[in-house]
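**Student:** The structure that follows is given in the form of C-alpha cells.
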Amino acid sequence: MGMIKKIVKRRWHRWIGRRIPRADMQAFSQKNIFILPTGAGVVFGVLLLIMLITGINYQNSLIYLLTFALGALFVGAMHQTHRNLSGLTLSLVRAGESEAGDDVPFSLRVSAGKDAGLAMILSVEDSRLEGVHVPSGQSLDVVLPVPSAHRGYLRPDRIRIETRFPFGLLKAWSWLRPVSAGIAYPRPVPAPDVLSQVDDGSEAKSEAKVMGQDNADLRPWREGDMSQRVMWKRFARSGQMVVADWEGEQGSPHWLDFSAFPGADTELRLSYLAWLIADRVQQGVRFGLNLPGEVIEPDTGPVHGERCLRALAVWGEKPPREQDALAFGTRKAVDGAPAGGSA
Amino acid sequence: MSRMAGIFRGRTPAGAASTDSIPGAALLWLIGSFGLLLLPQWNRLPWWLIAACVVLAGWRWLAQTGRVRLPGRWLRTGIMLVLTGVYIGTVEGRFTVDTAASFFVLAVGLKWLETRSARDFYVLFFILVYLSAVNFLFKQDIFWALLTFGAIGCLLIGLQILNAPDLPGSLKSGWKRLGLLLVKTLPVVLLLFMFFPRMAPLWSVPLVSGEARSGISDSMRPGDISNLAQSSERAFRVTFGGPAPEYRDRYWRGLILDYLDGETWRQRDAEPFQRPGRVAVDGGVGPLASNQYDVLMEPTDQRWAFSLENSVAASDNVFDAGEDLFRFRRPADSAVRYRLALEPGPVQARQELSPAMRQRYLQLPGEANPQARALASELAGAHAPVQLVNALMTRFREQEYYYTLRPPVMPRDGIDALLFDEKRGFCAHYAGAATFVFRAAGIPSRVVIGYQGGDAGAGDDYLIVRQYDAHAWVEVWLDGRGWVRVDPTAAIAPSRIEFGLREAMEEEGSFLENNLTSPQRYGDFAMLQWASLQMDRINYHWQRWVVGYQGQSQMDLMSRLPGGIGLRELGYITAGLVGFALLVAGLVSALSMRRGTRQDGFRQVVGAWHRLCEQVGVPVRNGETPGALAERMARARPAISETVRIFARTVNSHYYSAPTATQADEDAQRLRRLLKTMKRQLRRGHETESAPRTPQHD
C-alpha cells in the first residue's frame, strides 16, 4: 500500500515538474492550470440531478429550464474561474530572511494578463494570503509568510495560487515552484559567559561600563552615525546627542568563535553565536566571526550583523538543487522527513 | 426572562467571532432572495410560518449587525422543537407535496439561526435553489417565474460577494458578469430545453395542494354560484380552430346534479375513488382542425373537464364519461390543456330512457315546497311535456322575476319562496326551482353546472372564461328528442346569456362589487382592460409554449423537423449538444490563447530572429544573451553586423526597462522593421558575396 502510494506520489511530482518547471517566474496558461469542482460544486451537481428528476417526475417545464440554466451557468463558471488565472504571471521577487521557527517573508509579484485575476489565494502549506485582486494589465506585490522549521535554506516546493471566483463551485489552481530559497537564521539562545566580557547583556551595566571606559571617545553626533551608538541616557538628561566612538578599540577586535563552546551541540553553538551577534550589533561593538571554513573579518553595523547571521544560517548546509522536488526547510518538509535534520 | 436577556450581546468576543466569517452584503442578498422566494407561496403557507421565517431571518440579520447574538444550542433546539410542534399540529398527519413544501420552508427558516460559516452559506444556497424549483410546482405564471429567476440571480450575486468580499464595485461587476454568463449560455439552454427528451414520470406523486381553489363544486345550494360571481379569476381559456360559437351558445358543461337532498343538489353517484397521481397535462398537438377547440384549464384539483355540447375527445388526456361529459384520469392539480372536437349532431342520441333512469331523474325529497308541487300538477294537467316547459319559461319571462346577485335569504321552502313570494334569485335558484317543478310534473330533468359565456382575449386569439361566468341550467328529457337544454336565466335575464354578467348586472351595479382589485371590475377604463388582456395574452403563450412544452408538444415540434426524430434520437441530440457546447467552449478558449500569444509580438519577433540565426548557420545557445548572439551573427555575416547589433540593443533595453503595453508594441514594431532590413541586407549581401562564398558551400 505504502509502496504504491510512494510510486504514485513520485509519478505525480514528476508530472507536475514537467508541466511546471522550477523557476522564479511562472506564467499560467491552459498547460499548467488545474481545475476541479469544489465540495460545494459536487453537491451542486447532485442538486442539479435531483432537480432534473423533480422536473421529469412532475413534468414541469420550468424546473427543466431552471436546471438547464444553472447547469450551463456551472460550465460558464468553469470558463470564468479558469480565466481568472489564465494569462497571469506569478514571480518570486525576493525570498526573505528570518529566524528559524518564524515566518520568512516571500515577496511575490502577481501580474494579470488580458483578464483580471480576482479573489486569488496564495498559500504555502498552512500559510495563506486571501483576497488578492489584480485588475487586468496590472501587477501587485504581496508578501507571503512561509513558516520555517529550522535554520538553513528555506524553499517551499510549491507556492500555490488558487481562485474559486465567481461562485466558489469550482477551484482553479496552479503552482510556482521557486528556485530561490529564503534563509532562516539560527534561533538566538543566550550564550554562557565564556567569551563575552559583558554580564548578562544588562543594558544599564554595559552602558555604565561604556561610560567608564577610557578608550571610548565621546563626540557630538554626526550625520551617518548609527543610532545604537548614541548615548540615549545622556540625551535624555542633557538633550545632547553624543556618540561613543570606539576608535581606540580597533586594535583589539572581539572574535566570535565557533570553537568557544566546548561540548555544545553544533546547532546550539550556532544559536549562541546568533545571540552574540545580535548583542554585539546592538551594542555597536566591532566583531568578527570565525566559523570552521569561513571567517568574516571584524566590522560593525547591522549589515555586517546580517552577513554574519546569514553565514551562520547556511553553515554546513547545501543550497537546494533545482531538481529537488521536495520542500526545503518548511514545516511540512520536516514532518515528512524520516529522520529530522534539525535538533 | 434571563434567557432572553442572554440573547443580547454583551462584551463576549464569542458572539463577534461567530458571525464574522460571512460578509454582511452576501448575507443580505441571501435573505433578499429568501424573501422573494416566499412571495409566490404567501397564500399557500400558514401565516405563522411566514411570520416565523421573517423573525428568524431578521434575527440572523440583527446578529450580523451586532445588535443581538445568535441563540445558543439550547435555545436553538427549543425554537426548533416549538416550531416543528406547531407544524405537526397544523399538518395533522396529511402528507402531500404541499405539506412537504411547507416543511421545506420551515427548515430554511430554522437554518438561518445556524448560518455561521461559508459552509452554512452554501447549504442555504442549495436549499434556496431547490425552494425555487418547488415554487415552480405551484406557480407557473410568467410573473412568478420571472420573480423566481430574479431570486436565483440574487443568490448568485450573494455567492460572488461571499467569494470576493473585499472586491471594490463587486455588485455592479457581479450583475454584469452574471448577465454576460447568462447571455453566453442562453443558446445552449434553449436548445437543451427544446431537445432534452421529455420522459414519462419516473414515479407518480400527487401534487395535492391545500390551497382552496375557487370554482364550481360537485354540489349546489341555492346561494352557491352567486359567490363565484364575485371572482374574476380565470377558469379556462379556449382556442377554436374555426369560428367561435355565438355567445349565447357557449354553454360549458361541467357536471350533472341529479339528486335533490333537501335544499342541495348533488350527484347521485359519487365520483369513483381515484388513486392519487398526476394529471397528464399534455393534450393534443398540431394545428387545430376547424371543428376542434383547445381548452387550457387552470388547476381545479377535480377530475372534470368542461366541454360544449356534442363534443368528442381529441386528446388522450380526457375521456368521455357518459352523458356528454368529459373527465381527466387524475385530478387537475396543475394547469392542463386538452382538446375536443365538435360533432354536427348529438353524439349520444338516445331515444329511450330506461325506467330506472326515469325514476332517478324524477327523484324528489319529502313533502317540502307544497306550492311548487301544486303549480307542477296544475301545469301537468293542462300541458304535454313540451308545452309544459314552455309554459314555465313563459311564466318566468312574463311575471316579475328578477335576476340578482343580492338574493334574499329564503330559509324554509326556498323554492316556494322564490317562485311565489320573493321572485328574486340567481341562476342556481332558478335552475333548482325549475328542475323541481319539472320533476314534480313528471318530466325527467336534471341540473347542469358549468360556465356560460367567455370573453375574447387580446387579438381575438382565444376566449377567456372566468369564475363569474359560472352558471347553472336545466336539461329535460323529451321523448323522441332526448335531453334538451332549458335555461330559466335566459327567460328572466336574456342579457346574461347574450352578453354576460356585466351587462345583466348593469342596472343593479353589483358586478364584482366585492372585488375591488379585479381589473374586470373597471370595464370603463379601456387602458386598464387593454393592459389586463395583453398580460393575459403573454401568460397564455407562456403557458401554452413554455410551461406546457411536454412530451407530445416536443414530439410534435420534432416531427416537423426533417428526419424521424424519436425519444432516442432526442437523447443523442442532447448528448451531442452538450458535447458540442463543451467543444466550442474549449475551442474558443484555445483560440483566445493563440491570440494571446500572437499579441505578444515582442516574443514572436525575437523568435523569428532566432529562426533567422539558425537559417544563416548561427545556432542559438541556451542562456546566451542577445548581445552575444548578435556578435556571433555579425561575425558570420558582416553585411548585417550593424543592424543585428542595433536589434540586440533594442531587445536588451526592452528587457531591462519595464515597458508599458504601448511601448512594448512600439518596440516590437521597431524590431520587426529591423528584422526585415536584416533579411534584405542578407539577400543583397548574398548576391555580392555569392562569388567568394560559393566554393566553400560546394
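The values are calculated or read from the model by the stated rules, or taken from the named source; none is laboratory data. If you're wondering where the values come from, they're calculated on a predicted model, not measured in any experiment. Every residue, glycine among them, receives a Cβ derived from its backbone with ideal geometry; neighbour counts consider all protein chains shown.
**Student:** So how many residues does the range B:491-520 have that are under 17 Å from B:LEU388 (Cβ atoms) and under 39 Å from the mean Cα position of the chain (by Cα)?
**Tutor:** Residues in the range B:491-520 being under 17 Å from B:LEU388 (Cβ atoms) and under 39 Å from the mean Cα position of the chain (by Cα): 0 in total.
**Student:** Tell me, yes or no, whether the range B:650-668 has at least one residue that is in the same structural domain as B:VAL620 (by TED's automatic domain parsing), acidic (Asp, Glu) and more than 60 Å from the chain's Cα centre (by Cα).
**Tutor:** No, because not a single residue in the range B:650-668 is in the same structural domain as B:VAL620 (by TED's automatic domain parsing), acidic (Asp, Glu) and more than 60 Å from the chain's Cα centre (by Cα).
**Student:** Can you tell me which residue among B:ALA581, B:ALA658 is at pLDDT below 80, in contact with a helix residue (DSSP H, G or I) (Cβ under 6 Å, 6 or more places away or on another chain) and within 14 Å of chain A (Cβ to nearest Cβ)?
**Tutor:** The conditions single out B:ALA581.
**Student:** Free of Cβ contacts under 8 Å to residues at least 12 places away in the same chain, in contact with a Gly (Cβ under 7 Å, 6 or more places away or on another chain), hydrophobic (A, V, I, L, M, F, W, C) and within 14 Å of chain A (Cβ to nearest Cβ): which single residue out of B:LEU159, B:LEU181, B:LEU146, B:LEU167 fits that description?
**Tutor:** Just one listed residue meets the conditions, B:LEU181.
**Student:** When you scan the range A:86-111, how many residues do you find that are buried (at least 20 other Cβ atoms within 10 Å of the Cβ), in contact with a strand residue (DSSP E or B) (Cβ under 6 Å, 6 or more places away or on another chain) and within 12 Å of chain B (Cβ to nearest Cβ)?
**Tutor:** Here the count works out to 1.
**Student:** Sticking with this structure for a sec: Please indicate, with yes or no, whether at least one residue in the range A:23-36 is under 30 Å from B:ALA151 (Cβ atoms), surrounded by fewer than 16 Cβ atoms within 10 Å (Cβ to Cβ) and either touching a strand residue (DSSP E or B) at 6+ places or on another chain (Cβ under 9 Å) or in the same structural domain as A:SER111 (by TED's automatic domain parsing) (or both).
**Tutor:** There is at least one residue in the range A:23-36 that is under 30 Å from B:ALA151 (Cβ atoms), surrounded by fewer than 16 Cβ atoms within 10 Å (Cβ to Cβ) and either touching a strand residue (DSSP E or B) at 6+ places or on another chain (Cβ under 9 Å) or in the same structural domain as A:SER111 (by TED's automatic domain parsing) (or both).
For every residue, the table says whether it meets (1) of a type in the set (A, V, I, L, M); (2) more than 10 Å from every other protein chain (Cβ to nearest Cβ); (3) under 18 Å from the mean Cα position of the chain (by Cα); (4) more than 30 Å from B:GLU506 (Cβ to Cβ).
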position: B:GLN140; (1), (2), (3), (4): no, no, yes, yes
position: B:VAL188; (1), (2), (3), (4): yes, no, no, yes
position: B:SER214; (1), (2), (3), (4): no, yes, no, no
position: B:ASP218; (1), (2), (3), (4): no, yes, no, yes
position: B:ARG221; (1), (2), (3), (4): no, yes, no, no
position: B:SER232; (1), (2), (3), (4): no, yes, no, no
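**Student:** Still on this structure: Which pairs do you get when a residue that is away from chain B (no Cβ under 14 Å), found in the range A:13-34, comes within reach of a residue that is acidic (Asp, Glu) and not in a strand (DSSP E or B), reach meaning Cβ atoms under 6 angstrom, with the pair 6+ apart or on two chains?
**Tutor:** A:ARG22/A:GLU322
**Student:** Conditions first: (1) surrounded by fewer than 22 Cβ atoms within 10 Å (Cβ to Cβ); (2) within 9 Å of another protein chain (Cβ to nearest Cβ); (3) of a type in the set (Phe, Trp, Tyr). A:PHE74 passes all but one, so which condition is the exception?
**Tutor:** Unmet for A:PHE74, out of (1) surrounded by fewer than 22 Cβ atoms within 10 Å (Cβ to Cβ); (2) within 9 Å of another protein chain (Cβ to nearest Cβ); (3) of a type in the set (Phe, Trp, Tyr): (2).
**Student:** In the range A:109-127, which residues are within 12 Å of the chain's Cα centre (by Cα) and outside any loop (DSSP other than H, G, I, E, B)?
**Tutor:** Listed by number, the residues that qualify are A:SER123, A:VAL124, A:SER127.
**Student:** Scan the range B:116-138 for residues that are buried (at least 22 other Cβ atoms within 10 Å of the Cβ) and either polar (S, T, N, Q) or more than 12 Å from chain A (Cβ to nearest Cβ) (or both) and jot them down.
**Tutor:** B:SER132, B:ASN135
**Student:** For the range A:54-69, which residues satisfy the criterion of being more than 7 Å from every other protein chain (Cβ to nearest Cβ) and either in contact (Cβ under 8 Å) with a residue 24 or more places away in the chain or touching a Phe, Trp or Tyr at 6+ places or on another chain (Cβ under 6 Å) (or both)?
**Tutor:** Result: A:GLY55, single match.
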